[in-house]
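The values are calculated or read from the model by the stated rules, or taken from the named source; none is laboratory data. Everything quoted here is computed from the prediction, not taken from an experiment. Note that we place each Cβ from the backbone using ideal geometry, even for glycine, and neighbour counts take in every protein chain shown. Surface areas here come from the heavy atoms of the whole protein model, side chains and all, with no ligands, DNA or RNA. Shrake-Rupley method; radii C 1.70, N 1.55, O 1.52, S 1.80 Å.
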Amino acid sequence: MTAPTKINFKIYQGSTFKEVLRWESATKGYSPISGITKSAPVVITAVAHGVPVGWRAKITNVLGMKEINSADTYHTVTEATADTITINAVNALSYTDYTSGGVIEYNMPVDLTGYTARMQLRLKLEDIEFIHEMTTENGGITIDNVNKTINLNILATDTALFTFSSVVYSLELISGVEVTPFANGSITLVKEVTR
């Protein structure tokens, strides 16, 4: 079993808390590139690439526009069609011309079909009582298998009632009888000034 990812959050008291998480598998995906624009942001053509918006990807083995190649830097895909991805963080205006080759490399998304999720906030790990609970059943967590996202949401009316300085949490994903500890960490409350 893989250890959960440690992620620390901040909640702004009296504001809606929203976070979008993605579950990358260990399996790599490689989509051959057939074109790259000299533009800002850069647009990369790779037929039927399968990379969702918001996913991390890196570009390798490109000929000509070698400035775009990266051994270890991943960028977030900000837009996607069936055959192109846009990476807003890359300005390719001054790059050399793309000639051929290259791949988009990414960790393939886990299929979230049939998954539910639960997350609890507690003052301390040992506490029996929780401060707040989010589940797919109560609408605090939604799972979007099309975009491959796990969406966390706490209403502003709920965060307005929070008085803690910090809490601990854990997020679990459930498929049938299998429970996967997905993420854990701490949440700091930033007290509301305008109320």
- Evaluate the following for Lys66: is it open to solvent by 20 Å² or more (accessible area, probe 1.4 Å), farther than 17 Å from Thr149 by Cα and either over 21 Å from the mean Cα position of the chain (by Cα) or without any contact (Cβ under 8 Å) to a residue 40 or more places away in the chain (or both)? yes
- Residue list for the range 101-126, filter: open to solvent by less than 50 Å² (accessible area, probe 1.4 Å) and part of a loop (DSSP other than H, G, I, E, B): Val110, Leu112, Tyr115
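Could you grab me the full set of residues in the range 52-61 that are of a type outside the set (Gly, Ala, Ser) and buried (at least 22 other Cβ atoms within 10 Å of the Cβ)?
Answer for the range 52-61, where residues must be of a type outside the set (Gly, Ala, Ser) and buried (at least 22 other Cβ atoms within 10 Å of the Cβ): Trp55, Ile59.
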- Message: With the requirement that a residue be of a type outside the set (Phe, Trp, Tyr), in contact (Cβ under 8 Å) with a residue 60 or more places away in the chain and under 15 Å from Val103 (Cα atoms), what does the range 1-36 give you?
- Response: Lys28, Gly29, Ser31, Pro32, Ile33, Gly35, Ile36
- Task: Return yes when Thr149 is in contact (Cβ under 8 Å) with a residue 40 or more places away in the chain, touching a Gly at 6+ places or on another chain (Cβ under 8 Å) and surrounded by 16 or more Cβ atoms within 10 Å (Cβ to Cβ) and no when it is not.
- Result: yes
